[in-house]
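Everything below concerns the one structure shown next.
No lab work stands behind these numbers, since they all come straight from the coordinates. Keep in mind that what you see is a predicted model, and the values were worked out from it rather than measured. Quick reminder, even Gly has a Cβ in these numbers, built from the backbone with ideal geometry, and neighbours come from all protein chains shown.
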Amino acid sequence: MPSEPGLRRLLDLLAQDASAEALAGPAREARAAGAHPDELAALTEATEVALRIRRTLSQHRRREAQLTALFDTAGDLAALRDLDAVLRAIVHRAKLLLGTDIAYLSLNDDEAGDTYMRVTDGAVAPAFQQVRLGMGEGLGGLVAQTARPYATGDYQADTRFHHTTTIDGAVRDEGLRAILGVPLRVGPQVIGVLYAADRTPRAFTPDEVALLSSLADHAAIAIDGARLLEETRAQSEAMRRAEQAHDQLTDLVLRGGDATGVAAQIADILDAGILIHDADGAELARTGTGPLAPPARAVAASRASGRAVPLDGTWVCAVLAGPELLGSIALTGRPDLADADRLLFERAGVVTALLLLLRRSVAETEDRIRGELLNDLLSTTGDPGSLTARARRLGIGLDRPYGVLVAQGETAPRHRLLAAAARCAHAHDGLAGLHREQVVLLVPTRTPGATARALADELGQALADPVTVGAAGPATGSAGLPAAHAEAQRCLAALRALGQAGRGGALADLGFVGLLLGDPAGVSGYVRNTLGPLLGYDADRGTDLTGTLDAYFEQGGSLTRTKDVLHVHVNTVVQRLDRIGRLLGADWNAPARALELQLALRLHRLAGPVETAT
């Protein structure tokens, strides 16, 4: 064990947010002092844990800073009216959000057919602050031309871009290496490009691209609004109403409003029915109208154009974060939507994108925490008191009876099954997550079998794919959950092996087979007593007489069909059956004995291999 002073110093350094180099100090000093190898190894291991904790805390602080900056940005942009102030705020927030050396923004000049530098934050070279890029030239010109994000880890060495002497010289003077550019779009029109850049090579992650794209979408609306205010301040009643609605919606989101609140606010402003769906088409909120599936054709058209589009009297607006589809908004009851209200509706889509991004971030964090708790509850390690306290903080009272359910889809991707299971678990005050690569739910119930059947139907309908659910329990307290999970796994395997895929149940619902599987020791003993000589022969000689007997029974005792299934000659089947008869006895094919053998073979498949007597 490491010395107590060494551990205490390590903890003090961690509490002081010391650097990684400082955290390595106690182990380095112990090594220099000639510490015992065991003590040194333990102190080294503790140092590695401390470094992991420091990295995790740094990641959390960075994510918190990003969300705070995003909140501040939304509030600032909602409050600003002057175009220059809006542009400076956008660039400054982009620099804060991505933590880069420099951020800048260029605006398109439609008359000149190029894009020019408008605002910079962190730039030092005068030539860089005045550069103009032709459409298709450099990274920024390509973003402005294609309306797509582009990133490079080392601009000067990247051959994807059309390099020019002027642009390369300006980038070189500023010392930039890594650059990310995303389009500023108002509807289908690109009005400029927002950039974040570093003076050292680096790779921009997909999350960073999505984050900057989301800011750019929000910023483009703010820029457009500021432009319109400057141009039409004297006749801006419609614009004032749109800004007021935008402010109201943004304020609602920043105060923690949910999808239902946003839908109600939009419906009130536009005097229409509103539906909000996620990217999978699941309804998140609805007010003032009946259920309506999001029309895929209209969503695709809106996503491509960046504008709200009408379809059969319903207006549809895709909710986007850069190129990513987060969901859609549908507006009913107003087939003839005026331009001003159409713009307002589109702005509502931008605010909804912010809402869904924040909702997803919170949900991902919550799902991770709940999934970690589920994994710890189903493991055989962990302090029961600590697990109970953690569960209580998430609203899970382990003093209630809980069922453990294991779900498996036939063709649907596992991530979709997990998402649907998480929604079901949340609705039932339970937990859901991945445990040993399986989707597992912990649901309060006294009748796990009935709950599994209902859940199989619910998940199957949500995924349009059969879902099999094995259940066990109920168990009270954390101690009984690992055993219940193992039983639920056996139940799932039994359901599938018995041809009941797409259904749910517990072992008690499976009759005699379920009773046997409920006692793994009993299953092993029965299989060993019935098939022992056959299993031992196969194990010693590497043969598969067990498989031959199983195939023979499965084919109704037909030698011809058995040889076809096994892909061998019929004489080989006869020879194998003769050997089986000598091992099991002459009466192996008698009705009563054959029934026992078939049951043992099926249990062997369900319960897995058993040890043979030596």
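Using only alpha carbon positions, build the gyration tensor of region 86-231, then give the equivalent ellipsoid semi-axes as the square roots of 5 times its eigenvalues, largest first, whole angstrom.
Values: eigenvalues 91, 57, 41 Å².
After diagonalising the Cα gyration tensor, the semi-axes are 21, 17, 14 Å.
Once you have the Cα-Cα distance between THR165 and THR476, take 0.36 nm times their residue separation minus that, and quote the gain in nm to one decimal. Walk me through the numbers on the way to the answer.
Numbers: separation 311, 0.36 × 311 = 111.96 nm, distance 7.27 nm.
Between THR165 and THR476, full extension yields 104.7 nm more.
For LEU326, list long-range residues whose amide hydrogen, built 1.01 Å from N in the peptide plane, is under 5 Å from its own amide hydrogen.
VAL319, LEU320, ALA321
From the C-alpha coordinates alone, can you work out the Kirkwood hydrodynamic radius of region 148-204, in Å? Please report the intermediate quantities before stating the final value.
Working: mean 1/r = 0.0828 Å⁻¹.
After inverting the pairwise mean of 1/r, the radius is 12.1 Å.
Measure off 7 Å from each Cα along the Cα-to-Cβ vector at GLU29 and GLU410, then give the distance between these two points in nanometres to one decimal.
6.6 nm
From the Cα trace of region 520-607, what convex hull volume per residue do you get, rounded to a whole Å³?
Numbers: hull volume 8.0 nm³, N = 88.
About 91 Å³ per residue, rounded to a whole number.
Give the range of the longest stretch in the chain that excludes all trypsin sites (Lys or Arg not before Pro) found in loop regions by DSSP and having at most 10 other beta-carbon atoms within 10 Å. Kindly include the intermediate steps, with their values, before the conclusion.
Details: sites that count: ARG160, ARG255.
After excluding every exposed loop site, the longest remaining stretch is 256-614.
Looking at region 236-361, I'd like the Rg to Rh ratio, where Rg is from alpha-carbon atoms and Rh is Kirkwood's inverse mean 1/r. Intermediate results must be reported in sequence, preceding the final value.
On the way: Rg = 13.0 Å, Rh = 14.1 Å.
Over the Cα atoms of region 236-361, Rg/Rh equals 0.92.
Just to confirm my numbers, what's the Cα centroid distance between region 556-578 and region 270-299 in Å?
60 Å
How many times 2.2 N^0.38 Å is the alpha carbon radius of gyration of region 4-64?
Scaled against compact globular proteins, the figure is 1.16.
Quick query: amide H of HIS435 versus all other amide H atoms, modeled in the peptide plane; which residues come in under 5 Å with a sequence gap of 5 or more or a different chain?
Placed amide hydrogens put VAL440 under 5 Å from HIS435.
Pulled fully out, how much extra length does the chain show between ILE369 and ARG605, if you take 0.36 nm times their separation in residues and subtract their Cα-Cα distance? Write down the numbers at each step before the final one.
Details: separation 236, 0.36 × 236 = 84.96 nm, distance 3.62 nm.
The span from ILE369 to ARG605 would gain 81.3 nm if fully extended.
Write out the GluC sites (Glu not before Pro) in region 94-191 meeting two conditions: DSSP loop, and at most 15 other Cβ atoms within 10 Å of their Cβ. Write down the numbers at each step before the final one.
Details: sites: GLU111, GLU137, GLU174; in loops: GLU111.
Those that pass, being in a loop and sparsely packed, are GLU111.
Quick check: net charge around PRO37, other residues with Cβ under 13 Å of its Cβ, Lys/Arg +1 and Asp/Glu -1? Before the final figure, lay out the partial values.
Numbers: positive: ARG31; negative: ASP38, GLU39, GLU45.
Net of charged neighbours comes to -2.
Please grab the % of Cα pairs in region 349-485 that end up more than 28 Å from each other. Walk me through the numbers on the way to the answer.
On the way: 1556 of 9316 pairs.
Here the tail beyond 28 Å accounts for 17 percent of pairs.
Near LEU566, within a Cβ-to-Cβ distance under 13 Å, what is the net charge of the other residues, with Lys and Arg +1 and Asp and Glu -1? Spell out each step's value before the answer.
Values: positive: ARG561, LYS563, ARG576; negative: ASP544, ASP550, GLU554, ASP564.
Net of charged neighbours comes to -1.
Rg and Dmax of the chain, Cα atoms, in Å?
32.5, 104
Using the Cα atoms as the points, what is the convex hull volume per residue of region 175-216 in Å³? Could the numbers behind the result be given before it?
Values: hull volume 2.7 nm³, N = 42.
Spread over its residues, the Cα hull of region 175-216 gives 63 Å³ apiece.
Among the complete DSSP H segments of the chain, which ones combine at least 18 Å of alpha-carbon extent along their axis with a mean Kyte-Doolittle hydropathy of -1.0 or more? Before the final figure, lay out the partial values.
Values: long enough: 37-79 (62 Å, -0.32); 83-98 (23 Å, 1.11); 206-232 (38 Å, 0.37); 237-254 (25 Å, -0.61); 339-378 (56 Å, 0.19); 414-427 (20 Å, 0.07); 448-463 (22 Å, 0.14); 481-497 (24 Å, 0.34); 520-541 (27 Å, -0.23); 570-584 (21 Å, 0.23); 591-607 (24 Å, 0.28).
Going by DSSP H runs, the hits are 37-79, 83-98, 206-232, 237-254, 339-378, 414-427, 448-463, 481-497, 520-541, 570-584, 591-607.
Quick one: 3J(HN,Hα) in Hz for region 105-116, Karplus 6.51/-1.76/1.60 with θ = phi - 60°, rounded, Gly and Pro as x.
Karplus values, whole Hz, x for Gly and Pro: 9, 10, 10, 6, 10, 5, 5, 7, x, 9, 10, 10.
Given 0.36 nm per residue, what is the gain on full extension from ASP280 to ALA203 after removing their alpha carbon distance, in nm?
Details: separation 77, 0.36 × 77 = 27.72 nm, distance 3.00 nm.
Taking ASP280 through ALA203 to full extension adds about 24.7 nm, to one decimal.
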